Amino acid sequence: MMRREASVWRFGPFEVDSMRPEVRSPGSRIKLQDLPHRLLVYLLDRPALLVAREELREHLWPEDHFIDFEHGLNTAIKKLRSALSDSAIDPRYIETVPRRGYIFKAEVHRESRHRPHSRWLFGSIAAVLATAAILIVSTRSANVNPAVAVLPLEHLSPESDQAYFADGLTETLITDLGRLGAFRVIARTSVVHYKGTQKTSHEIGRELDARWLVTGAVARAGSRIRITVQLVDATKDQNVWSETYERDVRDVLALQDEVARAIARRVSSAVAPSSRRRVATHLVIPDAEEAYLRGVSAMDEYTRDGLEKSVAYLEAATRKDPQYADAWAALAEAYTYVALNQTQKRQEVMSRMEIAARKALQLDDRSSQAYVALADAQLWRWSWREAEKSLRAAVALNRSDSSAHWKLGYLLGALGQPRQALAEIQSAVDLDPLSPSKRNSLGLALYWCHRDDEAMKIIRQVPDGDENTFRRHRRLAEIYEEQHLDRLAMAETLRWVELSVAPERLAKLKRQCAASPYAQCKRTALLLDIEQLQRQSAAARIAGDFALLGNRDEAFRWLAKAIDAHDQGVMWVNVDRHWQSLRGDPRFTQVLRRIGFLPAS
């Protein structure tokens, strides 16, 4: 249903009131018919989101309305474009996504109508209000919890193949700042998007919700390295501090610590006294440092080839310098990604990962990166409480470790603590705002808390194209089904099936769904999914499909296979709603015992 709350939206020169069927602009007032007005309000309430045509039919089109839906919708869109002087070819406001729906693409400001109705203000008054709004945001950021974003350092070394050096130092600087614990530090997976960017500091700060930006450059010549850093106040687009450091490459650990503390002193006086300095007595062997930085840079490629190179470099770094704690921690993290991307020899990789993580902690017990990798090994063997202890240690050591918050949130969700899970995953999103995976997880956490409308809004904001696209559309189908919005559930079901089966199977399913109720469409989709998955190692997902089909025997048979394979999808048997049909069966208790959610009998 549409929101009934009286609201006003402003965009460009226009103002729209939910209670008045008109579009206002300075010196102009254009009346709207009921349907175009309701359509515009619906789009304005979902700016930058794709609103499906089927969703508009479900929410805006009365069942007793006898005008053809497609014709009526197209006519309403044309009337809105006419009122807004918009173009279908080069739209400023309403963009058509062929065969799917519409996006309201302009920036929209919304306020409730219970506030005093304000007139349109122009000239100097408007400028003052805009400045005041910026000041309010920047003051809030500065006083509550100012965030720092370390943008990718520029590579200035004479050798063209030295870019890895700047990439690796960017990451270690992010880690060192996070360890100080005085402010939020944005994750590398978000800041990497700004490598070579032409955006202003103000734009970057707004997108990352970060007041302070660290920029700089790295140059290496022989055994000497030079780092130049600047601190920029993004709210003012102003450089407030800069410094240049030069050291022998063997002193790189102490140099990184010195740079991080210098930045922290300019940002906050609250650098935690308990944040210990790096142990400067360990001089890094140059060849080990080079292998380490190459490994860290390769890991950021997020490809199979990149991971293989990363592991090779990091293993070399630990051989060249067995006392290099950061290299062991990074190696443990690289093994984590390798294990996630392969099914063969996963147990062997997990064993190596745990050995590397424990070696890193033996050398430096304040490595949150190593604790997170150790937790992954503990999760793999169903040691839930040990994993929780490791993840809480990681968060305590580095409150800006987005992966630690993220994985702790997932674990707490699996353990039946949805509100605590939501808080941790929200922290992960705050630290890594451009990560599709973490935003997808936020939608999942809201779903666990039965806040389905908010979950849908978050899930739909995440663009398609990442590894979680399939899961998002499947989750939306489940939510729409529970809300008895069968047409929308069917559209999302066809979308997730499209991502998992061959085109000819999809075409057949579409024909069946066009002539069948949603329940039959869903059943056929699940059977197609099972058929496809039996060629893969996805036992937990097959078990879930059988549970939704009501076939308990097959569901439990595949659950047993999933447990034997340590399929992490089993984690969600206590919380995801599609397992509900199994929970009254005595065999479900045995499942919980096998994976450690209940004590062994």
Inset, instruction - Quick one: residue 83 ticks every box in (1) surrounded by 16 or more Cβ atoms within 10 Å (Cβ to Cβ); (2) closer than 30 Å to residue 486 by Cβ except a single one, so which number is it? - result: (2)
Legend entry - Residue check for residue 477: in contact with a strand residue (DSSP E or B) (Cβ under 7 Å, 6 or more places away or on another chain) and buried (at least 19 other Cβ atoms within 10 Å of the Cβ): no
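Residue check: is residue 421 surrounded by 22 or more Cβ atoms within 10 Å (Cβ to Cβ) and over 27 Å from residue 253 (Cβ atoms)?
Values: surrounded by 22 or more Cβ atoms within 10 Å (Cβ to Cβ): yes; over 27 Å from residue 253 (Cβ atoms): yes.
Taking the combined requirement at face value, the residue satisfies it.
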Inset, instruction - Considering only the stretch 1-33, state which residues are at pLDDT 85 or above and either of a type outside the set (A, V, I, L, M, F, W, C) or assigned to a helix (DSSP H, G or I) (or both). - result: 10, 15, 17, 18, 20, 21, 22, 24, 31, 33
Inset, instruction - Take the stretch 176-204 and flag every residue that is surrounded by fewer than 24 Cβ atoms within 10 Å (Cβ to Cβ), assigned to a helix (DSSP H, G or I) and β-branched (Val, Ile, Thr). - result: 189, 192, 204
Inset, instruction - Mind listing whichever residues of the stretch 469-508 are outside any helix (DSSP H, G or I) and of a type in the set (Gly, Ala, Ser)? - result: 500, 502
Legend entry - Residues that are closer than 20 Å to residue 41 by Cβ and either more than 26 Å from the chain's Cα centre (by Cα) or modelled with pLDDT under 85 (or both), drawn from the stretch 84-95: 84, 85, 86, 91, 92, 93, 94
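State whether one or more residues within the stretch 386-399 are within 30 Å of residue 364 (Cβ to Cβ), out of contact with any Gly (no Cβ under 6 Å at 6 or more places or on another chain) and β-branched (Val, Ile, Thr).
Yes - at least one qualifying residue is present in the stretch 386-399.
The values are calculated or read from the model by the stated rules, or taken from the named source; none is laboratory data. What you see is a predicted model; the values in this text were computed from it and never measured. Ideal geometry is used to build each Cβ from the backbone, glycine not excepted, and the neighbour counts take in all protein chains shown.
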